[in-house]
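Participant: First the structure, which I've put down as structure tokens, then a few questions once you've had a look.
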Amino acid sequence: MEPHTLFQQPTTEEIAARLRRIRRAKGWSLGDVELASKGAIKAVVLGSYERCDRALSIKRAIELTTFFDVPFSTLFEDTSENASPNTRQSAAKLILDLRALKSAPSGDRMYIDFTSWIITQRSDWNGEVLSIRTSDLSILALLARSDCESVKTYLINHKYLLIGSNLI
């Protein structure tokens with residue numbers, strides 16, 4: 001008799017697929033990772049983890065998630081677009097400049113924390129820009145105790161929102 005569990009644990013194949021998804025979200029090939037890590041992460045070894053040909057230790061998983069600059073929990077939680085229909089609510093409308101947000105003053109911590117949460121939810125680890133949806137702007141407005149237009153204006157004035165021909 002199998003014990004009843006409240007939580008469904010990921011399989012090794014799912015963890016391997018998440019590792020591959022993280023690498024690909026960064027736009028890196030296996031060889032790119034080896035070069036960027038200065039040989040600390042061998043392409044053949046990372047490929048073996050991604051194919052489940054080699055066991056991934058906790059120590060190595062921490063090293064990899066640190067290298068990819070993603071939360072460790074990303075390997076164990078399904079944060080893909082397929083995980084929740086709510087992540088596909090509306091098309092991307094606004095582009096946040098994550099580089100600008102990284103140097104934001106502490107008073108803008110709410111925006112930094114919110115974008116970090118979105119990045120984790122969507123497994124969007126490219127690190128430079130983030131598309132936010134109308135629903136995301138509504139949540140930001142709620143958190144800021146303001147309205148969407150005021151938040152949008154604030155983001156534009158502080159150069160957190162990229163402005164281009166079709167971005168706003």
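The values are calculated or read from the model by the stated rules, or taken from the named source; none is laboratory data. Because the structure is a prediction, the values reported are computed rather than measured. FYI the Cβ positions are ideal-geometry reconstructions off the backbone, even for glycines, and counts take in every protein chain you see.
Participant: Does Ser123 qualify as being hydroxyl-bearing (Ser, Thr, Tyr) and surrounded by fewer than 18 Cβ atoms within 10 Å (Cβ to Cβ)?
Facilitator: So Ser123 does not fit the description; no.
Participant: Would the range 117-124 turn up any residue that is more than 21 Å from the chain's Cα centre (by Cα) and among the aromatic types (Phe, Trp, Tyr)?
Facilitator: no
Participant: Another one. From (1) at pLDDT below 95; (2) loosely packed, with under 13 Cβ neighbours inside 10 Å, pick out the condition that doesn't hold for Val44.
Facilitator: (1)
Participant: For the range 15-35, give me the residue count where each residue is in contact with an Asp or Glu (Cβ under 7 Å, 6 or more places away or on another chain) and surrounded by fewer than 17 Cβ atoms within 10 Å (Cβ to Cβ).
Facilitator: Qualifying residue count for the region: 1.
Participant: Further question on the same structure: Scan (1) surrounded by fewer than 12 Cβ atoms within 10 Å (Cβ to Cβ); (2) on the phi < 0 side of the Ramachandran plot for the single condition Asp69 breaks and write down its number.
Facilitator: If we test Asp69 against (1) surrounded by fewer than 12 Cβ atoms within 10 Å (Cβ to Cβ); (2) on the phi < 0 side of the Ramachandran plot, just (2) comes out false.
Participant: Next up: Would you pick out the residues in the range 26-71 that are more than 23 Å from Ser116 (Cα to Cα), not hydrophobic (A, V, I, L, M, F, W, C) and not in a helix (DSSP H, G or I)?
Facilitator: Once the filter is applied, which keeps residues that are more than 23 Å from Ser116 (Cα to Cα), not hydrophobic (A, V, I, L, M, F, W, C) and not in a helix (DSSP H, G or I), the range 26-71 yields Ser29, Ser37, Lys38, Gly39, Lys42, Arg51, Asp53, Arg54, Ser57.
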